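*Asks:* One structure, as structure tokens, below. Some questions next.
Where a number appears in this text, it was derived from the coordinates with a stated rule and is not lab data. Just so we're clear, the structure is a prediction, and the values are computed from it rather than from any experiment. Methodologically, a virtual Cβ is constructed for each residue, glycine included, from the backbone with ideal geometry; neighbour enumeration extends over all protein chains shown.
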Amino acid sequence: MSQHAFTLTQAQLRQIVADVLAHAKSLGATAAEAKVSEGVGQTVTVRHDDVETIQYNRDKGIGITVYLGQRRGNASTSDLSPQALRATTEAALSIARFTAEDPAAGLADPDRLARQTDATGLDLCHPWTISVDEAVETARVCEAAAFAADQRVNNSEGATVWTEVSQFAYGNSHGFIGGYPTTQHSISCAVIAGEGDAMQRDAWDTWTSDPADLDTAASVGRLAGQRTVARLGARKIATTQAPILYEAPVAGGLASHFISAVSGGSLYRKSSFLPDSVGQAVFSDRVTITDDPAIPKGLASSPFDEEGVATVRREVVSKGVVQGYFLGSYSARKLNLRSTGNAGGNHNIVVQPTAGDLEALLKQMGRGFLVTELMGSGVNGVTGDYSRGAAGFWVEGGAIAYPVQEVTIAGNLKDMYQRIVAVGSDVIVRGGRRTGSILIDNMTIAGD
């Protein structure tokens with residue numbers, strides 16, 4: 001696969017958007033916006049050394065929104081022929097005619113639009129020229145390394161190699177038109193280990209925008225195997241209260257719950273456990289979180305958001321104190337605020353390290369529960385109540401003592417955030433989240 005797999009050039013995508021906007025204006029729309037995109041992907045999965053699936057996808061489509069004053073209509077199509085584009089624009093206008101006025105509806109404010117209309121300098125497009133045969137061999141190497149990690153690894157859910165290249169163009173009737181291509185690639189592996197009647201499962205993956213930055217297939221498989229074997233002999237523990245150390249791959253969830261709570265939709269619907277939190281010390285003073293759209297090769301980097309608003313690096317939490325929300329134009333107007341350049345969501349969320357690596361955090365914790373897997377969705381976004389099934393390892397004397405399973409960790413996010421005592425330097429990237437392990441000084445663990 002390569003960037004040349006596209007059927008349209010970036011210039012052609014922008015022309016499609018320009019033509020749609022012109023047609024909407026000719027029909028009497030007072031404003032309009034459109035986003036056209038194209039993507040090509042390839043996924044190969046190997047299980048027990050046999051090819052289990054080969055998937056190849058090619059997608060394209062356009063979404064068109066038109067306004068009649070503050071009445072809004074939206075329509076979409078995967079047919080990019082001139083006739084279909086005109087019909088879709090007319091359908092959106094027809095919907096707008098029968099829609100109630102919404103005082104918050106409308107395009108982004110013109111003075112907030114980005115001047116940069118592509119991703120120059122962000123280095124976001126690195127096509128992976130890997131054939132199906134090469135992808136199969138890579139997956140086989142990955143799975144074989146998992147089996148070779150320990151003889152107790154005796155089954156596999158498969159090793160997968162995935163690559164995708166996509167591009168888009170967005171424009172609106174304020175005169176903004178921009179777009180660019182991006183890539184994403186991953187190698188993953190999930191295996192099962194057995195000892196006597198006991199069985200455990202675990203997995204590992206690597207995910208980047210540049211294939212040159214992927215971990216090797218062998219290292220991914222080997223780590224998947226080692227993590228799985230380490231869980232053999234897991235037991236329940238008695239119900240207790242103790243420190244909790246979230247391993248880096250799951251620690252990003254703590255940031256995700258915060259982002260959801262301070263995002264515009266939750267705030268204006270009054271469905272957030274953190275209303276009116278700007279200026280409030282929601283976290284302990286050990287926590288600083290940035291929203292950074294300009295990290296080179298970042299999976300959530302972008303010069304502008306989904307409305308064309310210029311993005312900017314922000315400290316959304318500074319030494320525990322909330323500095324701002326995540327707002328698009330609509331939610332900002334509902335809250336009598338201005339867009340933060342987050343229409344479509346956050347950019348690269350970085351939780352700044354304050355301590356050493358995982359080994360150092362284990363020593364700092366001394367005795368407690370290292371969480372490596374979370375299960376269930378027991379998080380109440382309105383109250384902040386938190387209850388998740390968990391697995392991991394019990395820690396004594398600053399070292400792992402034995403694996404733990406079938407327990408529940410519980411608390412309230414407001415209290416949990418205040419109890420964060422360290423953020424590790426063992427930073428791992430998972431999509432738009434970058435954080436090390438996070439140590440909370442006390443939570444309830446429900447077991448036997």
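*Asks:* Mind ordering 233-242, 426-435 by average Cβ neighbours within 10 Å, highest first? Don't skip to the answer; put the middle values down first.
*Replies:* Numbers: 233-242: 14.0, 426-435: 20.6.
Highest mean packing first, the order is 426-435, 233-242.
*Asks:* A further question follows. Cα extents of the chain along the three principal axes, largest first, in whole Å?
*Replies:* 72, 55, 37
*Asks:* Quick one: grab Rg to one decimal and Dmax as a whole number for segment 3-230, Cα atoms only, in Å.
*Replies:* Both quantities, over Cα of segment 3-230: 23.4, 73 Å.
*Asks:* With angles folded into 0 to 90 degrees, how steeply does helix 248-261 sit against the dominant principal axis of the chain? Use alpha carbons for both and round to 10.
*Replies:* The answer is roughly 40 degrees.
*Asks:* Please report Thr183, Thr354 as a ranked list, fewest other C-beta atoms within 10 angstrom at the top and most at the bottom. Mind showing how you got there, number by number?
*Replies:* Details: Thr183 23, Thr354 19.
The order, fewest Cβ neighbours first, is Thr354, Thr183.
*Asks:* Next up: Below 8 Å, C-alpha to C-alpha, sequence gap of six or more: please give me the relative contact order for segment 259-409 in percent. Don't skip to the answer; put the middle values down first.
*Replies:* On the way: 299 pairs, mean separation 31.2, N = 151.
Computed over segment 259-409, the figure is 21 percent.
*Asks:* While we're looking at this one, here's another question. How far apart, in nanometres, would the label points at Leu8 and Ser94 be if each is projected 7 angstrom from Cα along the Cα-to-Cβ direction?
*Replies:* 2.2 nm
*Asks:* Report, in listed order, any pair from Lys297/Lys319; Lys270/Lys319; Lys35/Lys334; Lys363/Lys414; Lys60/Lys319 with a Cα-Cα distance greater than 32 Å.
*Replies:* Details: Lys297/Lys319 27 Å; Lys270/Lys319 26 Å; Lys35/Lys334 24 Å; Lys363/Lys414 26 Å; Lys60/Lys319 43 Å.
With Cα atoms farther than 32 Å apart: Lys60/Lys319.
*Asks:* Given axes a ≥ b ≥ c from the Cα gyration tensor, I'd like to know whether segment 178-287 is rounded (a/c under 1.5), prolate (a/b larger than b/c) or oblate. List each step's numbers first, then the result.
*Replies:* Details: a/c = 2.81, a/b = 1.30, b/c = 2.16.
Because a/c hits 1.5 or more and a/b fails to exceed b/c, segment 178-287 counts as oblate.
*Asks:* Follow-up. Please state the shape class of segment 320-409: rounded when a/c is under 1.5, otherwise prolate if a/b exceeds b/c and oblate if not, all from the C-alpha gyration tensor.
*Replies:* Values: a/c = 3.45, a/b = 2.00, b/c = 1.73.
Because a/c hits 1.5 or more and a/b exceeds b/c, segment 320-409 counts as prolate.
*Asks:* For segment 142-273, what relative contact order do you get, as a whole percent, if you take Cα pairs closer than 8 Å and at least 6 residues apart? Please report the intermediate quantities before stating the final value.
*Replies:* On the way: 222 pairs, mean separation 32.5, N = 132.
Relative contact order for segment 142-273 comes out at 25 percent.
*Asks:* Here's something else I'd like to know. Would you mind ranking Leu245, Leu361 by Cβ crowding within 10 Å, fewest neighbours first? Working shown, then result.
*Replies:* Numbers: Leu245 25, Leu361 28.
So the residues, fewest neighbours to most, are Leu245, Leu361.
*Asks:* Starting from 0.36 nm per residue, how many nanometres of slack lie between Asp197 and Glu406 once their C-alpha separation is accounted for?
*Replies:* Full extension of this stretch gives 73.6 nm more.
*Asks:* Let me ask another. Which peptide among 213-222, 382-391, 154-163 comes first, and what is the full order, when sorted by highest mean count of other Cβ atoms within 10 Å? Don't jump to the answer; show the numbers that get you there.
*Replies:* Values: 213-222: 19.5, 382-391: 17.7, 154-163: 21.6.
Packing proxy ranking, top to bottom: 154-163, 213-222, 382-391.
*Asks:* Report P(r) for segment 240-446: all Cα-Cα distances, bin width 5 Å, range 0 to the bin holding the largest distance, values in whole percent.
*Replies:* Values per bin, smallest distances first: 1, 8, 15, 19, 20, 15, 10, 6, 3, 1, 0.
*Asks:* Next question. Test of understanding: extend the Cα→C-beta vector of Thr240 to 7 Å, then name every residue of segment 348-388 with backbone N under 15 Å from that spot.
*Replies:* 365-371
*Asks:* Determine ³J(HN,Hα), in whole Hz, for all residues of segment 307-320 in sequence, where each value follows from phi through the Karplus function 6.51 cos²θ - 1.76 cosθ + 1.60 and θ = phi - 60°; x replaces Gly and Pro.
*Replies:* Values, residue by residue: 10, x, 6, 4, 8, 8, 5, 9, 8, 7, 9, 10, 6, x Hz.
*Asks:* Please tell me the relative contact order of the chain in percent, rounded to the nearest whole number, where contacts are Cα pairs under 8 Å and at least six residues apart. Each step should come with its number before you reach the end.
*Replies:* Values: 1194 pairs, mean separation 66.4, N = 448.
Once normalised by length, the contact order is 15 percent.
*Asks:* OK, next. With θ set to phi - 60°, apply the Karplus curve 6.51 cos²θ - 1.76 cosθ + 1.60 along segment 241-246 and write out the HN-Hα couplings as whole Hz, x wherever there is a Gly or Pro.
*Replies:* 10, 6, x, 10, 10, 7
*Asks:* Using a Förster distance of 56 Å, how high is the FRET efficiency between Ala148 and Val278, based on the Cβ-Cβ distance and rounded to 0.05?
*Replies:* Working: r = 52 Å, r/R0 = 0.93.
The pair Ala148/Val278 has a calculated efficiency of 0.60.
*Asks:* Still on this structure, I have one more. So if R0 is 30 Å, what FRET efficiency would Asn155 and Asp448 give, r being the distance between their Cβ atoms, rounded to the nearest 0.05? Each step should come with its number before you reach the end.
*Replies:* Details: r = 28 Å, r/R0 = 0.95.
The calculated FRET efficiency here is 0.60.
*Asks:* Multiply the residue gap between Thr30 and Gln55 by 0.36 nm, knock off their C-alpha separation, and tell me the result in nm, one decimal place.
*Replies:* On the way: separation 25, 0.36 × 25 = 9.00 nm, distance 4.28 nm.
Result for the pair: 4.7 nm of gain on full extension.
*Asks:* I would also like to ask the following. Ala399 versus Leu232, label points 7 Å from Cα toward the beta carbon: distance in nm?
*Replies:* Distance between label points: 2.1 nm.
*Asks:* So between Thr383 and Val312, what do we pick up on full extension, going 0.36 nm a residue minus the alpha carbon distance? Walk me through the numbers before you get to the answer.
*Replies:* Values: separation 71, 0.36 × 71 = 25.56 nm, distance 3.05 nm.
Contour length minus Cα-Cα distance gives 22.5 nm.
*Asks:* Order of Tyr330, Tyr170 from fewest to most other C-beta atoms within 10 Å? Don't skip to the end; give the middle numbers.
*Replies:* Working: Tyr330 20, Tyr170 23.
Ascending number of Cβ neighbours within 10 Å: Tyr330, Tyr170.
*Asks:* In deg cm²/dmol, rounded to 500, what helix-only [θ] at 222 nm does the chain give when every DSSP H run of at least 4 residues adds -39500 (n - 2.57) and the total is split over its residues?
*Replies:* Here the helix-only value at 222 nm equals -7000 deg cm²/dmol.
*Asks:* Which part of segment 391-413 falls in the paramagnetic zone of Arg367, meaning amide N under 12 Å from the point 7 Å along Cα-to-beta-carbon?
*Replies:* 395-398
*Asks:* So how far apart, in nm, are the two label points at Gln70 and Gln15 if each is 7 Å from Cα heading toward Cβ?
*Replies:* Between Gln70 and Gln15, the label points sit 3.9 nm apart.
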